[in-house]
Structure formats: structure tokens, C-alpha cells
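Reviewing the structure listed below.
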Amino acid sequence: ERLKRHSRDYSWSASVPELDPWQAEFINIGIDRNAPFTKRVAAIFNHPAVRRLKSEAQLGWMREVYTAATHTRWAHALGTFDSLVLMYSALLADPEVPTFRVLADVGDIEHAMLAGILHDIGQTAFGHDFESVPTFPRHEAYTAALLREELWGETLEEAIKRQWPNIDIERMLYILRVSRSPEDAVGKERRPI
């Protein structure tokens with residue numbers, strides 16, 4: 001199967017639909033681009049644990065200086081996801097260096113995409129400012145708890161498992177360098193679990 005990937009006829013979009021540039025499901029990300037918004041991506045972005053980021057300002061008080069800088073952490077996550085899709089598409093289509101196309105794994109790509117979507121899920125407005133206080137946990141410390149939060153009915157972890165069945169949550173948390181609990185992250189540098 002890996003040798004077939006060397007051929008230009010091999011289709012990655014059959015395994016990772018977000019890499020298909022001809023699909024119908026897109027969302028405008030506001031910078032003259034459209035990001036893939038497949039059913040499984042939409043399920044994650046529309047989950048209340050992620051959707052709450054629509055009310056969190058990405059730049060805090062910077063919007064007072066740069067009045068057009070009004071995007072939210074939700075829009076930032078969408079842009080991060082789109083950047084990952086562009087990066088993987090470019091690497092997989094590179095005719096000069098087919099190594100990535102041969103060695104890449106669908107699971108690696110899916111884990112990276114989901115990690116890109118969820119990288120700031122524990123963030124709040126002014127979060128980086130608060131994190132400069134030594135006793136305040138880093139925003140990554142809340143990621144695992146938000147994945148398992150039952151407040152919204154179906155947890156985000158359950159939604160991920162339903163839409164992305166091959167995702168290993170612990171592997172994704174490792175990619176994000178997430179601590180297991182807020183107590184583990186107080187006054188400490190980021191470290192993998």
C-alpha cells in the first residue's frame with residue numbers, strides 16, 4: 001500500500017476527506033479562503049465545549065489598539081486547522097520529494113488535524129496574561145477535563161470517538177503536551193504526559 005502512494009494516481013482524500021479540494025463542505029474563514037468543514041469537522045467545531053470559544057477574544061485588549069483584530073479563539077482554531085490541511089496537502093502533493101507521501105500515515109494526519117482544532121480549547125480571554133502568574137495553570141491543563149466534561153450531554157471525547165473512531169485521545173493529548181490535571185501544570189513548564 002505504501003508503494004502505491006508513490007504513484008500520482010493515489011488518492012489521500014479517500015482516507016482523509018478534509019484533503020479533498022473538490023468537496024462541497026467548506027466554511028469561509030474570512031481571509032479569502034475556505035476551510036474544509038466536513039461532517040466530522042463540523043461536529044467538533046459545533047460541540048459546546050469548542051463552540052464556547054466563539055465568545056473568547058483571541059487578542060484581548062489588543063482589539064483596542066488594532067480595531068480590526070476582532071477574531072475569536074474559535075476562528076483561530078479554524079485557521080489553525082486550515083493551515084494544517086494546506087500544509088499536509090502541499091507535502092502530499094510535492095512531486096520533488098515523495099518521501100512524505102510514502103511514509104505518512106492517515107492516523108498521524110488525523111491526530112494532527114484534531115490536535116490543531118483543540119489546541120486552545122482550555123483557553124480563556126486574557127489567558128496568556130493570566131498564565132504569567134506563577135500560581136495560575138496553563139490553558140493546556142484544562143484540555144483533558146474539557147474533553148470529558150459532561151455538562152453539555154455528550155462529552156467532547158464521545159463526539160470525537162463517534163466522528164473520528166481511529167483517534168486515540170491519549171495520543172492527541174500527548175501531541176498537545178497536555179498535563180493530566182490543572183494541579184500538574186501550576187507554575188511548571190509544559191511537559192508531555
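One line per residue, one yes/no per condition, for (1) closer than 22 Å to Asp105 by Cα; (2) crowded, with 17+ Cβ neighbours inside 10 Å:
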position	(1), (2)
Ser11	yes, no
Pro17	yes, no
Ile27	no, no
Val41	yes, yes
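Before we move on, is Arg5 surrounded by 13 or more Cβ atoms within 10 Å (Cβ to Cβ), of a type in the set (D, E, K, R), touching a helix residue (DSSP H, G or I) at 6+ places or on another chain (Cβ under 9 Å) and modelled with pLDDT under 85?
Here the answer is yes, as Arg5 does meet what is asked.
Could you list all residues from the stretch 73-121 that are out of contact with any strand residue (DSSP E or B) (no Cβ under 9 Å at 6 or more places or on another chain), outside any loop (DSSP other than H, G, I, E, B) and β-branched (Val, Ile, Thr)?
Thr80, Thr99, Val102, Val106, Ile109, Ile117
I'd like to verify a number: residues in the stretch 145-170 that are in a helix (DSSP H, G or I), closer than 14 Å to Gly107 by Cβ and of a type in the set (A, V, I, L, M, F, W, C), how many?
Total meeting the criteria: 2.
Return the residues of the stretch 105-127 that are touching a helix residue (DSSP H, G or I) at 6+ places or on another chain (Cβ under 7 Å), at pLDDT 85 or above and either of a type in the set (Gly, Ala, Ser) or open to solvent by 30 Å² or more (accessible area, probe 1.4 Å) (or both); say none if nothing qualifies.
Ala112, Ala115, Gly116, His119
Could you check the stretch 30-72 and list, in sequence order, the residues that are among the aliphatic types (A, V, I, L, M) and assigned to a loop (DSSP other than H, G, I, E, B)?
Correct list: Ile31, Leu59, Ala68, Ala69.
Show the residue pairs meeting these rules: Cβ distance below 6 Å; 6+ apart or different chains; first residue within the stretch 98-122 and among the β-branched types (Val, Ile, Thr); second residue in a helix (DSSP H, G or I) and open to solvent by 40 Å² or more (accessible area, probe 1.4 Å).
Listed pairs, sorted by first residue: Val102/His6.
Which condition does Ile27 not pass, out of (1) of a type outside the set (Lys, Arg); (2) in contact with a Gly (Cβ under 6 Å, 6 or more places away or on another chain); (3) part of a strand (DSSP E or B), if it passes all the others?
(2)
The values are calculated or read from the model by the stated rules, or taken from the named source; none is laboratory data. Please read all numbers here as calculations on a predicted model, not as lab measurements. Positions of Cβ are generated from backbone atoms using ideal geometry, with glycine treated the same way; all protein chains shown enter the neighbour counts. Note: accessible area is taken over every heavy atom of the protein model, side chains too, but ligands, DNA and RNA are not part of it. Shrake-Rupley method; radii C 1.70, N 1.55, O 1.52, S 1.80 Å.
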